[in-house]
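Down below is the structure, laid out as structure tokens.
The values are calculated or read from the model by the stated rules, or taken from the named source; none is laboratory data. The structure presented is a predicted model; accordingly, all values stated were derived computationally and were not measured. No Cβ is skipped: glycine too gets one built from the backbone with ideal geometry, and neighbour counts run over all protein chains shown.
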Amino acid sequence: MSVLVEVEHLTRAYGGVRALDDLSFTVDAGEWIAIMGPSGSGKTTLVNILGGLDAPTSGRVLVSGEDIGKMDEAGLTRYRAEKVGFVFQQYHLVPYLTALENVMLAQYFHSMTDEGEARQALERVGLGERATHLPSQMSGGEQQRVAIARALINHPKIILADEPTGNLDEANEHIVVNLLRELHTQGHTILLVTHDPTIGRLADRRIELAHGRLAQVTVYSADDQERVDHMLQQIWICGEEGTAPRIERIRTVGQFDPRRMLGRMADSGLVSVRDSEVALTPTGEARARDIVRRHRLAERLFTDTFRIDDPEAHTQACKFEHIISPELDERICTFLNHPKTCPHGNPIPPGECCGTKAKSH
Ligand code: ADP
Ligand code: MG
């Protein structure tokens, strides 16, 4: 996967207010990113800058390697028409034009109008029958689907959607979300602003803003979480063995490109990647340590207490390590009398409970 969007130290100030404050992240081609965060956290400002509707105070945005801040007015107009499809909370349809004409209007700004293509776009959003209706004759959900057809008409690289379901009832929200999901499956890159955690969870990643800064970048699904843990474990073990954790040595579970996964982990501050070497950040190290500790404690528990043999103990530990809470971790450790090694002789990183024991003895 290639990087499509690079946001570098992006700041947008309105007088004294920093709507965006030194924001950096990247988006791969074909990714679906949910942008979340409380009202006023800078989501719309970010989308507007990505779409070339607003300019940064400092920092830059590269799309396919091109700095959109360096484009002149004509370049920006072309960028907006050819590379970006906008979907807003308000549908922004022209009230006296039919659904078909609204879509064709977007074609007109691009280059040439093509009625057949516009009709197809409406069919794609399930509105083939509504082509001659005016916006006032359509429901909110239908109007939003016309807006999506309009956004798609010029085959944009990026779809920017700012709370597209904000004004919709549940049934229409469902239709619009499914449409976005389909577009994602077809390979479109989507940046979606939403308040709804359920919608956010459908995305590949969630970027959470607070006061214009990145509060959190989450690698979202539970499967992804396990992949991340698995990779952190490998990097930790390289450290124990004293070997360099090179990218090509690190494996992922399933058919995931380790480089892409490591890129995400770098975005969320768990690792740093330089040339082809990976290093754990302090946050990544703490998490790797926890997961290795849980895995080895679980192996001890299965082997010593439940008399389960390898490799079953290892397999079970791989599942168990993801579900042990910090409290349970300490209880198991105490129950096992704070073991120092796993059944294979590898060290179990001590927890806080082990420290107390050392002091009291
Ligand atoms: P969100 O979409 O997350 O609700 P916005 O990006 O709209 O947040 O706004 C972020 C901050 O920037 C807010 O404090 C808002 O008041 C301020 N802001 C946004 N646009 C303007 C503007 N045109 N002039 C002055 N302040 C603005
Ligand atoms: Mg907003």
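General observations
- In region 16-53, the qualifying residues are those that are β-branched (Val, Ile, Thr) and under 17 Å from Glu208 (Cβ atoms), and the one that is nearest to ligand 2 (Cβ to nearest atom) is Thr44.
- Residue match in region 229-248 (condition: away from ligand 1 (no atom under 16 Å from the Cβ), buried (at least 18 other Cβ atoms within 10 Å of the Cβ) and under 12 Å from the mean Cα position of the chain (by Cα)): no
- Candidates Val292, Val273, Val278, filtered to the one that is of a type in the set (A, V, I, L, M, F, W, C) and part of a helix (DSSP H, G or I): Val292
- When we screen Thr45, Thr11 for residues that are more than 10 Å from ligand 1 (Cβ to nearest atom), in the same structural domain as Phe109 (by TED's automatic domain parsing), closer than 25 Å to Thr194 by Cβ and hydroxyl-bearing (Ser, Thr, Tyr), the only hit is Thr11.
- Counting only residues that are in a helix (DSSP H, G or I) and at pLDDT 85 or above, region 201-226 holds 1 of them.
- For the residues Glu31, Glu66, the requirement of being surrounded by 15 or more Cβ atoms within 10 Å (Cβ to Cβ), outside the structural domain of Gly269 (by TED's automatic domain parsing) and more than 8 Å from ligand 1 (Cβ to nearest atom) singles out Glu31.
- Residue under evaluation Asp72, criteria (1) more than 27 Å from Leu183 (Cα to Cα); (2) within 12 Å of ligand 1 (Cβ to nearest atom); (3) surrounded by fewer than 19 Cβ atoms within 10 Å (Cβ to Cβ), criterion not met: (2)
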